[in-house]
Every structure is written in structure tokens, then in C-alpha cells.
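Peer 1: Take this structure first; my questions come after.
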Amino acid sequence: MGCRGMEGAERTPDCRAPWVGTSCACTACPGDATLLRSQELLPWGLAPPGDGIANLRNRKLLSKTFNEFEIEQHQECAYDHLEMYDGPDTLAPLLGRFCGSKKPDPVVASGSSLFLRFYSDASVQRKGFQAAYSTECGGRLKAEVQTKELYSHAQFGDNNYPSQVHCDWVIVAEDGYGVELIFRTFEVEEEADCGYDYMEAYDGYDSSAPRLGRFCGSGPLEEIYSAGDSLMIRFHTDDTINKKGFHARYTSTKFQDALHMKK
């Protein structure tokens with residue numbers, strides 16, 4: 001018997017979580033706040049574990065707070081339990097395994113995804129859990145050989161970027177590698193000095209590093225390369241005109257001595 005009665009964020013009609021057997025997957029939609037619920041527990045038979053991920057498009061998961069929590073108690077949470085991982089799958093660091101009736105403390109993820117696994121055996125059932133999480137843009141991203149995507153905002157392509165946004169992304173490569181950033185789309189409110197809405201790039205971990213440029217307007221940008229192992233991207237918007245935003249791809253590269261963009 002499959003899991004029943006769990007719904008994900010209601011931002012779109014097709015936003016539902018796939019649940020398989022006794023191990024239930026929670027897949028959340030991008031947005032500022034999403035509610036996750038366990039199902040009403042039933043006497044299931046055992047089944048192979050399923051997978052679930054709350055993956056936010058380039059948005060840092062700030063905290064996950066439990067409003068209700070009641071899962072079969074065991075000293076080591078060996079029977080019914082909820083596991084949370086700091087990343088996209090079970091290879092990521094385990095943030096905790098939870099059971100019993102004590103609400104877990106708020107959980108903070110270090111990146112843009114949080115993997116949840118809920119498991120129930122065939123015996124004792126309890127009420128389950130209800131939790132909410134909130135997000136904001138920015139965060140720390142890891143550049144690797146495979147290409148990854150960076151978006152100005154969670155609803156890129158569906159809606160223009162919101163007003164009064166201030167987001168910092170720090171993209172970090174492993175030692176000996178630099179960061180390469182290639183823009184696929186760029187459309188930000190235009191102004192002579194880019195004083196309203198803008199994107200800035202810094203050759204390091206924060207805004208104290210050398211600034212590679214401040215950019216606004218429309219049209220393709222040249223590639224941006226870091227001299228070291230990190231690149232900070234800042235996106236700022238004011239309270240008036242909103243445009244499409246930007247979409248870029250980043251990867252780690254050995255060619256960090258390439259010509260930098262400068263303004």
C-alpha cells in the first residue's frame with residue numbers, strides 16, 4: 001500500500017509529492033514557504049525505500065521548523081523515523097534521524113537542497129509530522145567539473161524578479177581550480193550607472209575582494225573567470241521596475257588565468 005494524504009506546496013496544480021511504499025518522498029516546489037506533511041500512517045507492508053528531495057532553485061534553505069511531530073519512539077530511532085540530509089541525496093551529510101514526540105530543533109541546510117526520507121515499519125503507527133520551511137536567495141555553491149545552473153530568482157522564466165532583493169552567492173571550486181561563469185540570459189533594469197537593479201561580480205569570497213564589474217541592461221555578457229578558487233555574485237533590485245533576470249552556468253576550470261571581465 002502506498003503513502004496517502006500528503007500534499008506538497010500548492011503553488012501549482014501539479015505540485016504533489018510522489019510517495020512509494022513505506023518510505024515516502026517529499027518533493028517541494030520553489031517558493032518562499034512550503035508546508036510538508038507526513039501521511040496519516042497506515043499498517044503498510046515493507047517496501048524498498050523511496051527517495052525525496054526538496055530542491056530549491058539556487059535558493060538557500062534557511063530553516064525547517066516542525067509544527068507537529070509524533071513518530072514511534074525508540075532510543076536509536078530504529079523503527080519509524082525521519083531522516084534529513086544536507087544535500088540532494090543520502091550521500092550528503094546526515095543532519096539527523098528523528099522519532100518520538102519531541103519536536104526536532106529547526107534544521108538549517110548549508111546549500112540549496114535538503115533530502116528527506118520518512119520510513120515506517122509494519123507495526124506501531126503514530127500521527128506523523130508537519131513541518132514548514134522558508135527560503136531566501138543566495139548561499140554557497142560548489143563549482144565542479146560538471147556544469148551547474150544559477151538563476152537570479154526561483155521563478156525565473158515564469159515571473160520577473162521581485163522587488164527589493166539583495167542576494168549574495170559565493171561559488172567555490174576545489175583547490176587548484178577557478179570558477180567559470182557563462183551567462184545564457186541577462187535582462188536587468190537598465191540605467192547609465194547601474195544604480196537601480198544590478199548584478200555584481202567579485203573575485204573572491206565577499207565584497208572586499210576586487211570587483212570584476214557591475215552589470216545591468218539586456219544582452220549577453222562575456223564569460224567571467226575567477227583568479228582564485230572563489231567568485232561572489234551579488235544581485236540587487238530596488239522597489240520599482242522588474243525584468244526577466246539572469247540565467248548563468250558555472251563550472252570549475254583550470255583556466256583561471258583567463259582574461260577577466262572588468263568595468
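Peer 1: Exceeding 23 Å between C-alpha atoms, which entries from my cross-link table qualify? They are K148/K254; K142/K244; K148/K244; K142/K243. Spell out each step's value before the answer.
Peer 2: Numbers: K148/K254 17 Å; K142/K244 25 Å; K148/K244 20 Å; K142/K243 27 Å.
Table pairs above 23 Å Cα-Cα are K142/K244; K142/K243.
Peer 1: Roughly speaking, what is the stretch gain from E223 to K127, that is 0.36 nm per residue apart minus the C-alpha to C-alpha distance, in nm to one decimal?
Peer 2: Working: separation 96, 0.36 × 96 = 34.56 nm, distance 5.23 nm.
The span from E223 to K127 would gain 29.3 nm if fully extended.
Peer 1: To continue, here is another question. Would you please give the FRET efficiency between D193 and K142, computed as 1/(1 + (r/R0)^6) with r the Cβ-Cβ distance and R0 = 30 Å, to the nearest 0.05? Don't skip to the end; give the middle numbers.
Peer 2: On the way: r = 33 Å, r/R0 = 1.11.
Efficiency for this residue pair is about 0.35.
Each value in this text was obtained by applying a stated rule to the coordinates, not by laboratory testing. Because the structure is a prediction, the values reported are computed rather than measured. Cβ coordinates were reconstructed from backbone atoms using ideal geometry, including for glycine residues, and neighbour counts include every protein chain displayed.
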